[in-house]
Amino acid sequence: MSSSLSKKVGSFVVVLIQLLGLWSGGFFFARPVVAAPAADPALVEQTVLIQFAATASVADRDAMIAQINGQLLRWLPQIHVAEVRLTATDTSDQALIKGDAAALAQRRWQSLGRNALITHIENDVVVEGTYLPNDPDVANQPRTYTLQAIHALEAWDYTRGDPSVIIAVLDSGINAAHPEFQDRVLAGYDFINDDDTPGDDHGHGTHTAGIIAAGIDNGLGMVGICPECTLLPVKVLNQNNAGTWVGVAAGILYATDQGARVINLSLGASVSSKTLESAVAYAIAHDVLIVAAAGNMGVDRKFYPAALDGVMAVSATDENNQRWSLSNMGDYIDVAAPGHAVYSTYNDLGNYYGGYNYMSGTSMAAPHVAGLAGLLLSQKLDRNAAEVYHIIVSTTDKPTNPNEVVYFGYGRINVARAVAVVQDNQWIPAPLVDKADGASDQLLQHAYLPLVTNP
């Protein structure tokens, strides 16, 4: 990897790791999935699953179950598995049954000399169907293909966000009156007009905000990645979707001081600024994760603030899991996310789609990652920014072609795989290969990434 990425590693004080895998457009988890505990564990806490050798007779099976003080509940003859309820014989047995019934069965089996008739013993586990919200556009594949591509629906079995997690949207503002954001938009600030009403007079900011945190189970439209997180609107772009580095820097400082855990920057320029870099360093020092769009010029050229040390740079993919043609490339790219024809909230509630719209660009890719960061922080509020970065980059769907690393960095985000991580260090590191040119892409004519200019 380049010195730029090495600097990012140092800035985050974390070993960046890569889990080898395939670039896949299908669901990562089978249905029904093992979910976060939601059903009554008493239904299965005394139940174990015992697999018998194919040579074991029915009499052998029944005798063995009796010897470990169990009761046969169900038999799966095709795979020789018995569902068995154990009976406690003393107080220590009772504790094991409630904590780990399989361990109790194993202990009793061992006391019998580990008879070869049994090949495997495991706990039964509570499972439930994948969560499906009532928001109508979730079932409209063209409108919400992004949720399927990054496995967001499965992730909501684990968490849908925590209102205490604040995600700042530095953009053209947010239409806080949009019903998708009810009671989850803070007051914020407008650095364009220097007042405390950061409304959206362009549409870009509201669209970005919806990708991050549009509401769930409200019977409306689509759903954001972290639908129960709180949004902080910070207006740094005007009605023409343009701003200046000093305004962006002021917005970063403000969002950090207001307690934002994540800052989304779907904006940028090909020239950096010392003022911007100082503001970014301030946010990083205060444990804020900054997520930024990689740029829409379709070239191997650094784009700022995405290319700054410690900033998570996001490139864009399309509905075919290919690189979006206008998405920038380079060794500063960390991860990829959907950015082509993304359907989300819009500031004009009376437009053709009734307050929603399609937009394309790395501007739309970055907020998918910001939303994922919000979910990870919601799961474990004491996680720091480096841990969140570590999990996101290590649980991606990797491109099958090593040459595509230059486009996708560590790969396209996989939301379900990320939130399924129990321990922050459970993923095994693997080195990245050198980046090179070489993917075929489909050209899209319209991009929506604001450019920041010097005053």
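The values are calculated or read from the model by the stated rules, or taken from the named source; none is laboratory data. Everything quoted here is computed from the prediction, not taken from an experiment. Backbone-built Cβ (ideal geometry, glycine too); neighbour counts: all protein chains shown.
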Self-check item: residue 240 vs. criteria polar (S, T, N, Q) and modelled with pLDDT under 95
Solution: yes
Quiz item: Among the residues of the range 186-198, is there at least one that is among the β-branched types (Val, Ile, Thr), at pLDDT 95 or above, part of a loop (DSSP other than H, G, I, E, B) and closer than 22 Å to residue 373 by Cβ?
Solution: no
Quiz item: residue 172 versus (1) over 20 Å from the mean Cα position of the chain (by Cα); (2) closer than 20 Å to residue 374 by Cβ; (3) surrounded by 24 or more Cβ atoms within 10 Å (Cβ to Cβ); (4) not basic (Lys, Arg): which is the lone unmet condition?
Solution: (2)
Exercise. Check whether at least one residue in the range 407-420 is closer than 27 Å to residue 300 by Cα and modelled with pLDDT under 90, and report yes or no.
Key: no
Quiz item: Taking interchain pairs and intrachain pairs at least six residues apart, which have beta carbon atoms under 6 angstrom, with the first residue in the range 66-77 and outside the structural domain of residue 117 (by TED's automatic domain parsing) and the second surrounded by 11 or more Cβ atoms within 10 Å (Cβ to Cβ) and outside any strand (DSSP E or B)?
Solution: none
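Report, by residue number, each residue of the range 227-246 that is buried (at least 22 other Cβ atoms within 10 Å of the Cβ) and either part of a helix (DSSP H, G or I) or in contact with a helix residue (DSSP H, G or I) (Cβ under 8 Å, 6 or more places away or on another chain) (or both).
Within the range 227-246, the first condition is being buried (at least 22 other Cβ atoms within 10 Å of the Cβ), and the residues that meet it are 227, 229-237, 243, 245.
If the condition is that a residue be buried (at least 22 other Cβ atoms within 10 Å of the Cβ) and either part of a helix (DSSP H, G or I) or in contact with a helix residue (DSSP H, G or I) (Cβ under 8 Å, 6 or more places away or on another chain) (or both), then 227, 229, 230, 231, 232, 233, 234, 235, 236, 237, 245 are the ones that fit.
Could you say whether any residue in the range 377-398 is in contact with a Cys (Cβ under 8 Å, 6 or more places away or on another chain) and not β-branched (Val, Ile, Thr)?
Yes: the range 377-398 contains one or more residues that are in contact with a Cys (Cβ under 8 Å, 6 or more places away or on another chain) and not β-branched (Val, Ile, Thr).
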Self-check item: Pair list, Cβ < 7 Å and 6+ apart or interchain, from the range 266-281 residues that are in the same structural domain as residue 211 (by TED's automatic domain parsing) to residues that are among the basic types (Lys, Arg)
Solution: 270/301
Exercise. Inspect the range 217-226 for any residue being part of a helix (DSSP H, G or I) and in the same structural domain as residue 145 (by TED's automatic domain parsing) and give the result as yes or no.
Key: no
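Would you point out which residue out of 330, 361, 310 is of a type outside the set (Ser, Thr, Tyr), modelled with pLDDT of 95 or more and on the phi > 0 side of the Ramachandran plot? If you could, list the steps in order and put the result at the bottom.
Working: 330 fails: modelled with pLDDT of 95 or more; 361 fails: modelled with pLDDT of 95 or more.
From the options 330, 361, 310, the qualifying one is 310.
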Quiz item: Has the range 354-364 got any residue that is crowded, with 24+ Cβ neighbours inside 10 Å, part of a helix (DSSP H, G or I) and not hydroxyl-bearing (Ser, Thr, Tyr)?
Solution: yes
Quiz item: What is the residue count in the range 121-141 for residues that are modelled with pLDDT of 85 or more and assigned to a loop (DSSP other than H, G, I, E, B)?
Solution: 4
